Amino acid sequence: MENMYCLRCNRPIESGQKSVAVYLFAQTVGIKPRQKSAAQRICFCPQCSVSLAMGPPPEGALNLAAWDMIRDLVASDPALNQAAWENLGAVLGTLPPTGTAGPRLSATSGGYFEF
């Protein structure tokens, strides 16, 4: 089984690790013979899933449809939020203390990611 990466932050997602997967395929309707594309799997880590769901809606019909599905998943069960907080706690231990010379985030960086 191949390792997947979060589409938004590019963190590796190992097999069995908590994540959200969006499966995407296309199919013709009303046309014989029916054509169907191969399915693609797009993954998001728990932190990015929750962040996407809580952010503003992205532009574009396909982005909006995927965003609605992710919002429904995040809102339906607290397990995904819990996984995001657990992973965030591990990341916080690696950040430099406030006021020290650590990496700075740009104030102009976007608040959400369009996929």
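Restricting to segment 3-37, name every residue that is in a loop (DSSP other than H, G, I, E, B) and more than 24 Å from Leu73 (Cα to Cα).
Thr28, Val29, Gly30, Ile31, Lys32, Pro33, Arg34, Gln35, Ser37
Which ones in segment 38-65 are part of a helix (DSSP H, G or I) and out of contact with any helix residue (DSSP H, G or I) (no Cβ under 9 Å at 6 or more places or on another chain)?
Correct list: Ala61, Leu62, Asn63, Leu64, Ala65.
Working carefully through the options Leu52, Leu7, Leu24, find the one that is touching a Pro at 6+ places or on another chain (Cβ under 9 Å), of a type in the set (A, V, I, L, M) and either farther than 15 Å from Asn81 by Cβ or crowded, with 18+ Cβ neighbours inside 10 Å (or both).
On inspection, the qualifying residue turns out to be Leu52.
Restricting to segment 60-112, what's the tally of residues that are of a type in the set (Phe, Trp, Tyr) and modelled with pLDDT under 85?
Of the residues in segment 60-112, 2 are of a type in the set (Phe, Trp, Tyr) and modelled with pLDDT under 85.
The values are calculated or read from the model by the stated rules, or taken from the named source; none is laboratory data. Small disclaimer: the values here were computed from a predicted structure and weren't measured. Glycine also receives a Cβ, built like all others from the backbone with ideal geometry; neighbour counts cover every protein chain displayed.
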